[in-house]
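Enquirer: This structure is in structure tokens; I'll ask about it shortly.
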Ligand code: DAK
């Protein structure tokens, strides 16, 4: 890997760090290819219970790589290859946490919003400044942002490029926790470790069910949730979890 660094922590967290500091971690096609590969590998690894994606203190990611896009045609942007690299994250079953510090702009903000939770440092700046380039967000910025912060704020961000600071983003519900710059990654890893300790199937289906709230009507969402809930009664972990409660001991999850 040339543009990301990966490791698995003792707490079973798969950590992915963007590693293009000289370009504020701009998300080039090669970086996105590596990110997709790393995400798929962690999703398939039973030793990983939760994934954390981060950048560095100055930038989570300042967007898709403008230099790589500058001369692209509409046909290039339609290419399945480019879209697939970005879409991989949507197909990951395990929970993903974005640990954000500094610039989190354009495709960087869209990628963070594609994660399941966001832990931000006090210096984080969230924005969709594509309007300054003569384009609009292309990976969910107008949709996920609007779901998270509402129409008024989303419109202003998309139409003027206004950025949200970390506290403001938290007030709007975009961010789970805000911490000092020195500790944002530790906090994200702690949260991820907590998730990684849960029953893996329940964590996977819990993520799926919450995400469906953004895609389905309430009626369909409730029906979907119920099917997932019922399905978990076919798992050994449900038997173990409830037996452990009754026997006043800690459960041992098997992930099946
Ligand atoms: N792309 C390429 N290089 C970037 C970059 C980016 N997004 N952001 C920063 N850099 C590079 C700069 O060019 C500079 O490189 P050198 O000149 O040193 O070679 C280096 O990083 C440091 O940047 P600055 O010198 O500009 O640093 P400053 O601290 O002065 O300013 C800044 C920081 C974040 C305010 C500024 O760099 C900036 O405005 N960056 C661009 C932010 C932006 O407009 N982001 C949105 C890009 S459009 C899709 C998928 C994704 C997308 C769309 C569709 N599909 C799958 C359909 C996403 C689109 C976007 O993200």
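To keep it simple, each residue is scored yes or no on (1) surrounded by 24 or more Cβ atoms within 10 Å (Cβ to Cβ); (2) within 16 Å of the ligand (Cβ to nearest atom).
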| position | (1), (2) |
| --- | --- |
| 18 | yes, yes |
| 22 | no, yes |
| 26 | yes, yes |
| 29 | no, yes |
| 37 | no, no |
| 41 | no, no |
| 46 | no, no |
| 49 | yes, no |
| 71 | no, yes |
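Enquirer: A further question on this structure: Kindly list the number of the only condition in (1) within 8 Å of the ligand (Cβ to nearest atom); (2) touching a helix residue (DSSP H, G or I) at 6+ places or on another chain (Cβ under 8 Å); (3) without any contact (Cβ under 8 Å) to a residue 40 or more places away in the chain that fails for residue 83.
Expert: (2)
Enquirer: Here is a follow-up. Among the candidates 168, 182, which residue alone is closer than 21 Å to residue 15 by Cα, away from the ligand (no atom under 16 Å from the Cβ) and in a helix (DSSP H, G or I)? Reasoning before the result, please.
Expert: Values: 168 fails: closer than 21 Å to residue 15 by Cα.
Criteria check complete, one pass: 182.
Enquirer: Considering only residues that are under 17 Å from residue 177 (Cα atoms) and within 16 Å of the ligand (Cβ to nearest atom), which ones fall in the range 86-104?
Expert: 98, 100, 101, 102, 103, 104
Enquirer: Something else about it: For the list (1) within 16 Å of the chain's Cα centre (by Cα); (2) free of Cβ contacts under 8 Å to residues at least 24 places away in the same chain, I need the number of the one condition that residue 72 fails.
Expert: Single failed check for residue 72: (1).
Enquirer: Of the residues that make up the range 144-158, is at least one touching a helix residue (DSSP H, G or I) at 6+ places or on another chain (Cβ under 6 Å), outside any helix (DSSP H, G or I) and farther than 17 Å from residue 33 by Cβ?
Expert: Checking the range 144-158: not a single residue is touching a helix residue (DSSP H, G or I) at 6+ places or on another chain (Cβ under 6 Å), outside any helix (DSSP H, G or I) and farther than 17 Å from residue 33 by Cβ.
Enquirer: For the range 9-27, name all the residues that are assigned to a loop (DSSP other than H, G, I, E, B), touching a strand residue (DSSP E or B) at 6+ places or on another chain (Cβ under 8 Å) and closer than 22 Å to residue 138 by Cβ. Don't jump to the end; show me each part of the working.
Expert: The initial filter retains those residues of the range 9-27 that are assigned to a loop (DSSP other than H, G, I, E, B), namely 9-12, 19-20, 24-26.
Then drop every residue that is not touching a strand residue (DSSP E or B) at 6+ places or on another chain (Cβ under 8 Å), which leaves 9, 12, 19, 24-26.
Hits for the range 9-27 are 24, 25, 26.
Enquirer: If I ask for residues that are surrounded by fewer than 19 Cβ atoms within 10 Å (Cβ to Cβ), outside any loop (DSSP other than H, G, I, E, B) and touching a helix residue (DSSP H, G or I) at 6+ places or on another chain (Cβ under 7 Å), which ones from the range 89-104 would you list?
Expert: 90
Enquirer: Any residue at all in the range 44-52 that is over 19 Å from residue 126 (Cα atoms), assigned to a helix (DSSP H, G or I) and out of contact with any strand residue (DSSP E or B) (no Cβ under 8 Å at 6 or more places or on another chain)?
Expert: Scanning the range 44-52 turns up at least one residue that is over 19 Å from residue 126 (Cα atoms), assigned to a helix (DSSP H, G or I) and out of contact with any strand residue (DSSP E or B) (no Cβ under 8 Å at 6 or more places or on another chain).
Enquirer: Another question, then. Could you list, in sequence order, the residues of the range 163-183 that are over 15 Å from the mean Cα position of the chain (by Cα), in contact (Cβ under 8 Å) with a residue 24 or more places away in the chain and closer than 18 Å to residue 108 by Cβ?
Expert: Those that are over 15 Å from the mean Cα position of the chain (by Cα), in contact (Cβ under 8 Å) with a residue 24 or more places away in the chain and closer than 18 Å to residue 108 by Cβ: 163, 164, 165, 166, 169, 170, 172, 178, 181.
Enquirer: Please enumerate the residues belonging to the range 51-69 that are under 17 Å from the mean Cα position of the chain (by Cα), touching a residue at least 60 places away in the same chain (Cβ under 8 Å) and away from the ligand (no atom under 12 Å from the Cβ).
Expert: 51, 52, 53, 54 - these are the residues of the range 51-69 that are under 17 Å from the mean Cα position of the chain (by Cα), touching a residue at least 60 places away in the same chain (Cβ under 8 Å) and away from the ligand (no atom under 12 Å from the Cβ).
Enquirer: A follow-up question, please. Is it true that some residue in the range 65-83 is modelled with pLDDT of 95 or more, within 25 Å of residue 211 (Cα to Cα) and not in a helix (DSSP H, G or I)?
Expert: no
Enquirer: Further question: Within the range 105-143, can you find the residues that are within 11 Å of the ligand (Cβ to nearest atom) and part of a loop (DSSP other than H, G, I, E, B)?
Expert: Those that are within 11 Å of the ligand (Cβ to nearest atom) and part of a loop (DSSP other than H, G, I, E, B): 106, 128, 134, 135, 136, 137, 138, 139, 140.
The values are calculated or read from the model by the stated rules, or taken from the named source; none is laboratory data. Since this is a predicted model, take the numbers as computed values, not measurements. Using ideal geometry, Cβ is built from the backbone for each residue, glycine included, and neighbour counts are taken over all protein chains shown.
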